[in-house]
Each structure stands twice: as structure tokens, then as C-alpha cells.
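The values are calculated or read from the model by the stated rules, or taken from the named source; none is laboratory data. What you see is a predicted model, and the numbers here were worked out from it, not measured in a lab. No Cβ is skipped: glycine too gets one built from the backbone with ideal geometry, and neighbour counts run over all protein chains shown.
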Amino acid sequence: MYNPKKHTIKAKELEYEIKEALKFYPHLEQYGIIFRFRIIERKSFMLAQPRLRTMILPRRWRQFEVIISKTYFTKNKHFENGRVPSDIVIGWIGHELGHITDYMDRSSVNLALFGFKYYYYKWFIKQAEITADTFAVHAGLTDYLVVSKRFGRDPKFFPQDYIDKLNSLYPSVEDVLKWDKMHREHQEELKNTDKMNSVNFLEEE
Ligand SMILES: [Zn+2]
């Protein structure tokens, strides 16, 4: 849920989408997150990172940021009004919030190493992307995630080399749907055990 005390939305044009994505992450309410526009290198349109200098502070003062390419999301020539459709943006932000969930409990040293490995090792990128998408699925964002993944792999919108990069480093739509199914089954099992436990409890009384 959006918490004005902790979350700073500088990317005003995407305020609606950011707030929608935050609704899925109640546990991020108490973490400082800044959403802002900036030009991003390395053929990326959005990324999440810790503000490293805040990582030495106690947890409640730590800050993370989601950096967004303004041109890409608000002046996109593929769309008449220049804007990438909301559902896609929500899925995309939801994925980045999955990364932040992954960063939350890491130490500053661990996060610095994380950045280093993410930059240099493909296997590490793959692993980090799986983790982020898994968190997003568990948060309930599957539908949005699928829409944004299909978009990212659509040759109408992206050059083939970008699509190839996505396919080699990021989980597929099928992966996401598989995790979603597993998660639902697991939740169902938990519910049933809960029911059984409460029945036992009543009997003991
Ligand atoms: Zn990612």
C-alpha cells in the first residue's frame, strides 16, 4: 500500500500505476522507496536499486529507488497518447518491487556484492530475475506480470535483440503461470491444514 510518509513519487505521470502496484505489497509500506525518472543506460527501461549510502543506516532509514525511463513510458511512439498502457506499467513496477522485496533483508555488504554480480554474471541475473518474479507472483500480481511479459516479447514493440535478451535472462510467461499455480495449490494446502487444526482444537475442548 502507498505510504506517503515513506514513498516518494517523483515520476508524477505514473503515480496511478505506482500506487496500484504498491497495493500488492503491504510489507513494503514501512520501507523508503523513491520512484523517479532518469535516463537509463544498458538498454533498460526500469530498474530497482538500493541507495547504497543509506544501507549503513538502521533499517527504518534505508531507501530504495525505482528508476524509470520517462521517454519510454510517457512519450512512446507506439501509442497514440505516448503512454504505455497502465496494466503493462503496473506489471513492470510490480516486478521491480519484487526486486526490492529481495533487497530488503540483505546487509549493505551483501547488496554491494549483489550489484557487482548482477553486472558481471549472467547466471546471477537469471537467479535475481527469478526471485523478483516469484515475489511478484506471491504478491498476487500474476495477471499484470503476464501482460507486461507478453508486451516485452512482442516484435511489434521491441527489436529482436531485446526480445532475445529477455528470453535468455528472464523467466517466461509459462514460468510465471507455473509458479502461480504452485503458489495457489500451496495456499490451498495451508488453508486445509488450518481447518484441520481448528477442528482438532475444538475436539480437544
Ligand atoms: Zn528485474
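Condition check ((1) at pLDDT below 95; (2) closer than 22 Å to Met1 by Cβ; (3) touching a helix residue (DSSP H, G or I) at 6+ places or on another chain (Cβ under 8 Å); (4) buried (at least 23 other Cβ atoms within 10 Å of the Cβ)) across all residues:
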{"site": "Asp105", "(1), (2), (3), (4)": "yes, yes, no, no"}
{"site": "Phe114", "(1), (2), (3), (4)": "yes, no, yes, no"}
{"site": "Phe124", "(1), (2), (3), (4)": "no, no, yes, no"}
{"site": "Ala136", "(1), (2), (3), (4)": "no, yes, yes, yes"}
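Considering every residue within the stretch 34-45, establish whether at least one is touching a Gly at 6+ places or on another chain (Cβ under 8 Å), closer than 24 Å to Gly115 by Cα and within 16 Å of the ligand (Cβ to nearest atom).
Step one: filter the stretch 34-45 for residues touching a Gly at 6+ places or on another chain (Cβ under 8 Å), giving none.
Within the stretch 34-45, none of the residues are touching a Gly at 6+ places or on another chain (Cβ under 8 Å), closer than 24 Å to Gly115 by Cα and within 16 Å of the ligand (Cβ to nearest atom).
Checking Thr131, Thr142 one by one, the residue that is touching a residue at least 24 places away in the same chain (Cβ under 8 Å) and within 14 Å of the ligand (Cβ to nearest atom) is Thr131 and no other. Consider the stretch 70-103 and keep the residues that are of a type in the set (S, T, N, Q) and more than 17 Å from Ile33 (Cα to Cα). The one that is surrounded by the most Cβ atoms within 10 Å (Cβ to Cβ) is Thr74.
Annotation note: Cβ proximity below 6 Å between a residue of the stretch 91-114 that is over 19 Å from Ala139 (Cβ atoms) and a residue that is more than 16 Å from the ligand (Cβ to nearest atom) and aliphatic (A, V, I, L, M) (sequence gap 6+ or interchain) occurs for Ser108/Met55; Ser108/Ile56; Leu111/Met55. Taken together, Ser86, Ser108 contain a single residue that is away from the ligand (no atom under 11 Å from the Cβ) and in contact with a strand residue (DSSP E or B) (Cβ under 9 Å, 6 or more places away or on another chain), which is Ser108. Cβ-Cβ distances below 8 Å connect the following pairs, each with a first residue in the stretch 45-58 that is over 26 Å from Phe73 (Cβ atoms), a second residue that is in a helix (DSSP H, G or I) and within 16 Å of the ligand (Cβ to nearest atom), and a separation of six or more residues or different chains: Met55/Leu111.
Failed condition for Arg184, given (1) under 18 Å from Glu96 (Cα atoms); (2) surrounded by fewer than 16 Cβ atoms within 10 Å (Cβ to Cβ), with all others met? Checking Arg184 against (1) under 18 Å from Glu96 (Cα atoms); (2) surrounded by fewer than 16 Cβ atoms within 10 Å (Cβ to Cβ), the one that fails is (1).
If only residues of the stretch 138-153 that are surrounded by fewer than 16 Cβ atoms within 10 Å (Cβ to Cβ) and of a type outside the set (Asp, Glu) are counted, the one that is nearest to Phe114 (Cα to Cα) is Gly140. Kindly indicate whether any position in the stretch 24-44 is closer than 23 Å to Tyr170 by Cα and part of a helix (DSSP H, G or I). The answer is no; no qualifying residue exists.
Return a yes/no flag: does the stretch 50-68 have any residue that is charged (D, E, K, R), surrounded by 13 or more Cβ atoms within 10 Å (Cβ to Cβ) and either at pLDDT 95 or above or on the phi > 0 side of the Ramachandran plot (or both). Yes, some residue in the stretch 50-68 is charged (D, E, K, R), surrounded by 13 or more Cβ atoms within 10 Å (Cβ to Cβ) and either at pLDDT 95 or above or on the phi > 0 side of the Ramachandran plot (or both). Among the numbered conditions (1) surrounded by fewer than 19 Cβ atoms within 10 Å (Cβ to Cβ); (2) touching a residue at least 40 places away in the same chain (Cβ under 8 Å); (3) closer than 19 Å to Leu47 by Cβ, the only one that Lys156 does not meet is (3).
Does Glu80 satisfy the criteria of being assigned to a helix (DSSP H, G or I) and away from the ligand (no atom under 16 Å from the Cβ)? Outline the logic, then answer.
Working: assigned to a helix (DSSP H, G or I): no; away from the ligand (no atom under 16 Å from the Cβ): yes.
For Glu80, the condition - assigned to a helix (DSSP H, G or I) and away from the ligand (no atom under 16 Å from the Cβ) - is not met.
Just wondering, is there one or more residues in the stretch 36-43 that are without any contact (Cβ under 8 Å) to a residue 12 or more places away in the chain, under 28 Å from Tyr162 (Cβ atoms) and not hydroxyl-bearing (Ser, Thr, Tyr)? Taking every residue of the stretch 36-43 in turn, at least one turns out to be without any contact (Cβ under 8 Å) to a residue 12 or more places away in the chain, under 28 Å from Tyr162 (Cβ atoms) and not hydroxyl-bearing (Ser, Thr, Tyr).
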